[in-house]
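Visitor: Got a structure here, written out as structure tokens. Questions coming.
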Amino acid sequence: MDSVYVSCPEFENKRFLLRFISIDDCDDLLKVYSDNKAVPLFNSDNCGGDNFYYKTHERMKEALDYWKFEYDRKGFVRWSIIDKKDNSAIGTIELFNRESKDYFNNCGLLRLDLRSDYETKDNIIDILKIIIDKTYQMFECSMIATKALPIAKERIMALKELGFSPAENKLIGHDGTEYSSYYFIKM
């Protein structure tokens, strides 16, 4: 199997397609990243102050360009989540293997950004089921972790149903900042 950074695979089920981000997703993703109800649920830990609230087409395009740059330098992979019924991007998933000196070493760190009308337990389960099992091999990790703030009730229910457990350990950022509200699952 080629490295995920050589050839980015696509995954799908009946409802959703996960494929590498595209500039063609800009307008759809702007609806996600300008969604006042969705943005507070996004994981911006360790992201240099970016809160992922984008109000203009230009800012969304800059983010897409940056995500492509990170992919090219093997920093992370960002997939667009496409709702197949209307072929629109309704969010993104970011994944990378996190190497660190804390509990979350050799961990597939997953960020899930969804438009607020898709932030339901069933949708989250449908989306994550597409990629969870493949993550261990793609990113050569033995654990997957994702953030779910206490206000993200639907997300937390979905994660628990998928077998994730709340982590007691904090994720330690580049600058020593401690981040909480992570859930993890081990292979």
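Visitor: For segment 101-123, give me each residue that is farther than 15 Å from M143 by Cβ, part of a strand (DSSP E or B) and either in contact with a Pro (Cβ under 8 Å, 6 or more places away or on another chain) or of a type outside the set (D, E, K, R) (or both).
Guide: Correct list: L112, L114.
Visitor: Continuing with the same structure: Could you tell me whether S44 is without any contact (Cβ under 8 Å) to a residue 40 or more places away in the chain, assigned to a loop (DSSP other than H, G, I, E, B), of a type in the set (S, T, Y) and over 24 Å from K147 (Cα atoms)?
Guide: Criteria not met by S44.
Visitor: Here's a follow-up. Would segment 121-135 turn up any residue that is surrounded by fewer than 19 Cβ atoms within 10 Å (Cβ to Cβ) and among the hydroxyl-bearing types (S, T, Y)?
Guide: No.
Visitor: Considering only residues that are touching a residue at least 24 places away in the same chain (Cβ under 8 Å) and in a helix (DSSP H, G or I), which ones fall in segment 1-41?
Guide: Those that are touching a residue at least 24 places away in the same chain (Cβ under 8 Å) and in a helix (DSSP H, G or I): I23, D25, C26, D27, D28, L29, L30, K31, V32, Y33, P40, L41.
Visitor: When segment 128-187 is examined, which residues are found to be of a type outside the set (F, W, Y), assigned to a strand (DSSP E or B) and more than 21 Å from E12 (Cβ to Cβ)?
Guide: M143, A145, K147, S165, P166, L171, I172, E178, I185, K186
Visitor: Within segment 80-93, is even one residue touching a Leu at 6+ places or on another chain (Cβ under 7 Å) and farther than 25 Å from D126 by Cβ?
Guide: No, there is no match, as no residue in segment 80-93 is touching a Leu at 6+ places or on another chain (Cβ under 7 Å) and farther than 25 Å from D126 by Cβ.
Visitor: Still on this model: For segment 74-103, what are the residues that are in contact with a helix residue (DSSP H, G or I) (Cβ under 7 Å, 6 or more places away or on another chain), surrounded by fewer than 20 Cβ atoms within 10 Å (Cβ to Cβ) and farther than 15 Å from D45 by Cβ?
Guide: Hit for segment 74-103 is S88, nothing else.
Visitor: State whether one or more residues within segment 76-89 are among the acidic types (D, E) and not in a helix (DSSP H, G or I).
Guide: Among the residues of segment 76-89, at least one is among the acidic types (D, E) and not in a helix (DSSP H, G or I), which makes the answer yes.
Visitor: Does segment 20-29 include one or more residues that are of a type outside the set (K, R), within 18 Å of V4 (Cα to Cα) and surrounded by fewer than 17 Cβ atoms within 10 Å (Cβ to Cβ)?
Guide: yes
Throughout, read-outs are computed from the coordinates displayed, never taken from laboratory work. Since the structure is predicted, the reported quantities are computational estimates derived from the model, not experimental observations. Positions of Cβ are backbone-derived with ideal geometry, glycine not excepted, and every protein chain shown enters the neighbour counts.
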